[in-house]
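Since the structure comes first, as structure tokens, the remarks are kept for the end.
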Amino acid sequence: MTEQQIVETLATEVMGWDIEDEKNFRFQGVLEVRDCLNHFEEWNPLQNIADAWQLVDKIGPFEYRKSPTLEGDYQHFAKFFYHGHWYSEEGATIQDAICRAVLKAYGIDLTHR
């Protein structure tokens with residue numbers, strides 16, 4: 001999947017939003033905070049940590065850890081408890097790990113889209 005396909009899948013299948021304008025890649029959704037309607041433009045949980053945290057809030061119990069690599073960087077691990085099971089994934093960034101773990105919990109395979 002391309003980054004755009006991943007973001008679109010997360011927005012529609014996980015967050016439950018509708019695509020408002022495919023050309024401009026915008027989403028419209030409802031965030032249940034004080035019953036306000038929020039419009040999300042340029043939502044990208046792979047790049048924006050605030051957007052990734054919306055996925056965390058949506059899916060439920062969450063664990064995170066980062067470990068140093070031999071190259072001096074970090075590997076990030078995200079783990080969710082969803083429908084009675086733990087789903088974990090790793091990524092180059094916390095956002096990447098969160099998105100991968102959420103997709104895994106929802107049974108969405110990154111390699112077959």
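The values are calculated or read from the model by the stated rules, or taken from the named source; none is laboratory data. These numbers were taken from a predicted model, which means no experiment stands behind them. Glycine also receives a Cβ, built like all others from the backbone with ideal geometry; neighbour counts cover every protein chain displayed.
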### Message
So, in region 63-90, exactly how many residues are small (Gly, Ala, Ser), under 13 Å from residue 52 (Cα atoms) and either surrounded by fewer than 19 Cβ atoms within 10 Å (Cβ to Cβ) or at pLDDT below 95 (or both)?
### Response
0
### Summary
Flagged in region 57-87 as farther than 17 Å from residue 10 by Cβ and among the small types (Gly, Ala, Ser), in numbering order, are 67, 72, 84
### Task
Filter region 61-91 down to residues that are small (Gly, Ala, Ser) and touching a helix residue (DSSP H, G or I) at 6+ places or on another chain (Cβ under 9 Å) and give me whichever is farthest from residue 107 (Cα to Cα).
91
